[in-house]
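First the structure, in the form of structure tokens, and then the observations on it.
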There are 2 protein chains.
Amino acid sequence: MRTSIATVSLSGSLTEKLTAAARAGFDGVEVFENDLLASPLAPEEIRARTADLGLSIDLYQPMRDVEAVPEEEFARNLRRARHKFELMRRLGADTVLVCSSVSPLAVDDDALAADQLRRLADVAGEFGVRVAYEALAWGRHVSTYDHAWRIVEAADHPYLGTCLDSFHILARGSDPKGIEDIPGEKIFFLQLADAPLMAMDVLQWSRHYRCFPGQGGFDIAGLLGHVMSAGYRGPLSLEVFNDVFRQAEAGPTAVDARRSLLVLQEATGLATPPAPVVPSGVAFAELVTPDVAPVTTLLGALGFTRTARHRSKPVDLWQQGEARVLVNTGPAARRDGTALAAIGLESPDPAAAARRAESLLAPVLPRRRALEDAPLDAVAAPDGTELFFCATDRPELPSWTGDFEPVEHQADTPSTTRIDHVALTQPWHQFDEAALFHRSVLGLSAQDSVDVADPYGLHRSRAVTNADGSVRIALGVGPAPTDDGARAQHIALATDDVVAAARRFRDAGGRLLPMPANYYDDLAARHEFADGELETYRDLGILYDRDQDGEFRHCYTETVGRVFFELVQRDGGYRGYGAQNAPVRLAAQHAVGRPGR
Amino acid sequence: MRTSIATVSLSGSLTEKLTAAARAGFDGVEVFENDLLASPLAPEEIRARTADLGLSIDLYQPMRDVEAVPEEEFARNLRRARHKFELMRRLGADTVLVCSSVSPLAVDDDALAADQLRRLADVAGEFGVRVAYEALAWGRHVSTYDHAWRIVEAADHPYLGTCLDSFHILARGSDPKGIEDIPGEKIFFLQLADAPLMAMDVLQWSRHYRCFPGQGGFDIAGLLGHVMSAGYRGPLSLEVFNDVFRQAEAGPTAVDARRSLLVLQEATGLATPPAPVVPSGVAFAELVTPDVAPVTTLLGALGFTRTARHRSKPVDLWQQGEARVLVNTGPAARRDGTALAAIGLESPDPAAAARRAESLLAPVLPRRRALEDAPLDAVAAPDGTELFFCATDRPELPSWTGDFEPVEHQADTPSTTRIDHVALTQPWHQFDEAALFHRSVLGLSAQDSVDVADPYGLHRSRAVTNADGSVRIALGVGPAPTDDGARAQHIALATDDVVAAARRFRDAGGRLLPMPANYYDDLAARHEFADGELETYRDLGILYDRDQDGEFRHCYTETVGRVFFELVQRDGGYRGYGAQNAPVRLAAQHAVGRPGR
């Protein structure tokens, strides 16, 4: 189906919005009146620009407060409408959105509303313009889609139909099943928006918190099913306003928007992209660093051993149990210091995983970083982290490890067994899109998001995982849009004995993040521990949490560049990440970063 | 009365919070448990630090989910409580906050709740600790203050009383009158927080949107009156959590917090600071500039004439009608280019105005910038703008103009008459506090705040004015916390004929901000104009608005440094600022700033 996006959903000038929509592959746009008013381009120039970009103008919007008003007011409205229809002629737009009135002048009189909308459609018809009447959830007298449809039906005019908006319908709690009673050809337009489920004033909810389908809590796919059953064949169009999108770069927002429509079409059987290939483990994490000594010192103390070196690139493989860390000192090393640049995801079918990712608009990375002998498929996540689809040491498929030359090393008993999770702090405006990306592109499941207050602001985090927990990525977002450059990242290593692992790390010269004594007094108040247990935790800086399934013990290393490590011991099916302890950990990291506080 | 603030209301480490509270003049603090847990200081050290700062610890908070639970659970809770009472002993805190239970284990049984709270108070008494039981607005079975009080009354224990929290009481819509039925000595603590009136989930509302008294929509003064009538004599304590305060510097937040309490005490007759002295006009606006030519060229084109020069400082007075602009090229000129540094407010009693400001913690500026012959009282607004209290050319008082030496100039017919308003963009986290500052310190009235979407984000603005509109300050806040350094400021000049004023400006070589043609097509659709009127507006870039009282025509100059000018013509009692046109104006300014968009 054709896809469209309202210009109000994107940041920037009208030209920037159109360009972003076209680059993301949309077929058309809804032109939001304020974007046109603020544009220095004449309507004919906008028409030409849009056509050059391969976009149609599917809707001009909105006209407000037109119907069910005193005759004198309606005459003024018709005069205004003629101006707008003439504008639409110049613009080459053939459908206009009319929102149900919120005017204090409007009366509760469906017959009058139908009569005036019919007369509006008469005038519109002269210009070849179709009028799509929509119920705003906060409309004065008309606030539900079925009410709007009854008025359209009564008006019975070929140039008058209805516009459905998933937000207005679902925010009101209306049952979308009734959409099937509307003849498809009378549904002139369909606007799609999701939103987080919130108990708040619906106007504020709509204006500030809308999001793309799949990012919120509404059943947009279910609604779309009813609309398709009704026989609608127009475009699927996104109308999402949101304080964050207003500020974010239009280009990435448009890509996320179209991805959300692709996933929605897949969910409703309207499109069949390649099926998701859920990763089955973490093959490696790759650190880039301009300053290798602190990194390898840290890895060594953690129990990692350098086991291999890349045949042609300055990349070393460090290994411990099933945990593998690549240390890359090549030119790819980022300017902003040591960082977690890539994650290798073990994939049942790397090529198919890459096809899925590409079909959902994940940026496919050029092979320049790939290894000669074993081509590696890789895409970029929204935060820039590179995701490689790997088959590690499986006979039937080429393995990335084949490019590495073993180096002599002493085998050591590992104290950690594998990568438990990686935590990636997202740019502040990309939190929702990151979750949708990992769910749709990788086929991971998103857990609930969790708010954590640290001394200097509010953090939010949300984990995406596969079914058996062998892939866990914790997506976080910090308090302010100001410190994007310093986004923390960490690698958590699983161990069966966090006390032993922490001791070994410290004995090897590693520095553990010290935790405040008050934290342990509180643990003593909340739980009972064996004799000496708490003293051990306090000594090592081990934090403790439990949920209904089990227990969690974890501690943190010092930070190198943007990266630190965590040692985690999960017992009895604990599923979380110790969010309860995050304020204390964040405060401790702040204290290390700013001594004296 | 003693004033106190919860550490959770301030950003930073516990040490930073305590320091900020003490510097702002608070008498005590509520120690929030998480702040203590995250602190590297032992309880005894916190006690000593607090005492050194002259602060008492008025409350330790919170204990949760204590009461109305099965006996086995209660035993665990008592064990936890003993730990906390022991901690409080080390801390030197004698009152603990117990919030009504939200636990799924809690049962709806007031007798059980009373019995368990009585037993908790027994244990607390052993440590000399008083238990203050508070109804959370979202408590599982106890969510109103009168319900919490009935349980406390039934428990009838000297170490058990109630804690009142204005947010929980007013957010539930409870009538605070009933507070007077509680014996004052059983109100162990009073927490004060305001909030904007919002229809949203009360837990989210409470956790993210609380603000200081006077910044929101609750009648905190009315509630306080009832609490005082009941005979409460404990501290007035602020417990405000808010996503913005979490990130803002603790020092200024603490000052704003205490100012809000001073204003609240004044409103309830508990304190009598010097009465407000409402300014009666704008004496001058002062621009500082390192690059004087563009500024004076702009002023000249606007019709200003250099009429005087300061006797001893590099400051010129430019005048036109009653509009006066000082141009300061002295060392005070800021490093970030041309900026609006100060506003002279015409005051009926400058010395009294300054006393009022100082009593409400406005930073009094050193006299170094003041003029020798006529000492000028000045304070700094939260955004750093200097506010001078002036008596201009009034015989009974010294005038700042006396320091200026007239220079020869040609008298010219002015095309503008006075400064209509000044618009100051605030740092993103200081919007609410700026409005409270201008209301309380200067005695101005705040109008409703208005949201405006520009192409790159959401702006919010709110005007503060005196009764006759001769002083109008428009406080704005931009979309992102990232561009604080480039905050726009502007001076709006009143004219009786904006067309003539704009023409004269342009004829004198001034550059007006061009507005898009589409804007004028829309005006034609919305309103009827005389022949040629719209063409004139389009030619000059004049924008148009109307409200129920009258009409508004306005246009903008180019920007110099951070400053631009607006020419405004108000007719028939129009009270606004053309907010409807702001998106178009902002887009036009963006387009000038980034050509090609």
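The values are calculated or read from the model by the stated rules, or taken from the named source; none is laboratory data. For clarity, every value in this text was computed on a predicted model and none was experimentally measured. Reconstructed Cβ throughout: ideal geometry from the backbone, glycine too, with neighbour counts over all protein chains shown. Heads up: the accessible areas ignore ligands, DNA and RNA and are worked out on the full protein's heavy atoms, side chains in. Shrake-Rupley method; radii C 1.70, N 1.55, O 1.52, S 1.80 Å.
Structure notes:
- A dipole drawn for chain A from +1 and -1 charges on Cβ atoms has a positive end, and of A:LEU238, A:ALA467, A:ALA137 the residue lying farthest that way is A:LEU238.
- Listed residues B:MET198, A:MET228, B:MET1 arranged by accessible area, highest first, probe 1.4 Å: B:MET1, B:MET198, A:MET228
- 7 Å along Cα→Cβ, label-point gaps from A:THR413 to other copies, nm, shortest first: 10.0
- Dividing the mean sequence gap of close Cα pairs (under 8 Å, 6+ apart) by how many residues segment A:112-197 holds gives a relative contact order of 31 percent.
- Formal net charge of residues neighbouring B:VAL327 (Cβ-Cβ distance under 13 Å; K, R +1; D, E -1): +1
- In segment A:24-46, comparing the full protein assembly with the chain on its own, the residues that lose 30 Å² or more of accessible surface at a 1.4 Å probe are A:LEU37, A:ALA38, A:PRO40.
- Ordering of A:18-30, A:412-424 by packing [mean C-beta count within 10 Å, highest first]: A:18-30, A:412-424
- Magnitude of the charge dipole for the protein assembly as shown, about its Cα centre and with charges confined to Cβ atoms of Lys, Arg (+1) and Asp, Glu (-1), is about 2500 debye.
- Note on chain B: with charges restricted to the Cβ of Lys and Arg (+1) and Asp and Glu (-1), its dipole about the Cα centre is near 1340 debye.
- Distance from the axis that maps chain B onto chain A is least for the Cβ of the chain B residue given, with the whole Å value, as B:MET200, 2.
- Cβ-vector label at 7 Å, B:PRO363, separations to other copies in nm: 4.2
- For segment A:91-187, the Kirkwood hydrodynamic radius from C-alpha pairs, put into Stokes-Einstein at 4 °C and a viscosity of 1.567 mPa s, yields a diffusion coefficient of 96 µm² per second.
- Label geometry 7 Å along the beta-carbon vector: B:ARG546 inter-copy distances in nm: 7.2
- Area hidden from solvent between B and A (accessible, protein heavy atoms only, 1.4 Å, total, Å²): 4100
- Of all DSSP beta bridges in segment B:281-406, antiparallel share, percent nearest 5: 75
- Highest-first arrangement of A:293-300, B:33-40, A:110-117, where packing means the average Cβ count within 10 Å: B:33-40, A:110-117, A:293-300
- Farthest positive-ward along segment B:3-267 dipole, Cα basis, beta-carbon charges - from B:ALA81, B:LEU91, B:ALA155: B:LEU91
- Reduced Cα scattering model of the protein assembly as shown, Debye log10 I(q)/I(0), q = 0.05, 0.06 Å⁻¹: -0.41, -0.60
- Think of segment A:274-597 as having a plus end and a minus end, set by charges on the Cβ of Lys, Arg, Asp and Glu; of A:PRO427, A:GLY541, A:GLY344, A:PRO427 sits farthest toward the positive end of this dipole.
- Per residue of B:509-520, other chain Cβ atoms within 10 Å of the residue Cβ number 3 on average.
- Computed over segment B:418-593, the Cα gyration tensor eigenvalues convert (square root of 5λ each) into semi-axes of 26, 19, 16 Å, ordered from largest to smallest.
- Given +1 at the Cβ of Lys and Arg, -1 at the Cβ of Asp and Glu and no other charges, the dipole of segment A:451-581 around its Cα centre is 520 debye to the nearest 20.
- Solvent-accessible area, 1.4 Å probe, carbon plus sulfur percent, for the protein assembly as shown: 49
- Relative contact order (%) - segment B:3-267, alpha-carbon pairs under 8 angstrom, separation at least six: 20
- Principal-axis tilt of helix A:517-526 within chain A, Cα atoms, nearest 10 degrees: 70
- Over chain B, relative contact order from alpha-carbon pairs under 8 Å, at least 6 apart, %: 10
- Of the beta bridges in the protein assembly as shown, as assigned by DSSP with both residues counted there, near 55 percent are antiparallel.
- Considering helices alone, the calculated mean residue ellipticity of chain A at 222 nm is -10000 deg cm²/dmol, with DSSP H runs of length four and up weighted by -39500 (n - 2.57) and normalised per residue.
- Whether segment B:410-493 is rounded, prolate or oblate, judged on the alpha carbon gyration tensor where a/c under 1.5 counts as rounded: oblate
- Separation of the B:ARG76 and A:GLU558 label points, Cα + 7 Å toward Cβ, nm: 3.9
- Where a label projected 7 Å from the Cα of B:ASP571 along Cα→Cβ would reach, residues of segment B:525-539 with amide N under 16 Å: B:527-538
- Geometric extent, Cα atoms of segment A:3-267 - Rg, Dmax (angstrom): 17.3, 49
- Residues in the protein assembly as shown average 37 Å² of solvent-accessible surface per residue, probe 1.4 Å, ligands and nucleic acids excluded.
- Shielding score for A:85-92, defined as the mean number of other chain Cβ atoms within 10 Å: 1
- Lysines whose Cα lies under 25 Å from that of B:LYS84, excluding same-chain neighbours fewer than 8 positions away: B:LYS17, B:LYS186
- For chain B, the alpha-carbon coordinates run over 88, 58, 42 Å along the three principal axes, in decreasing order.
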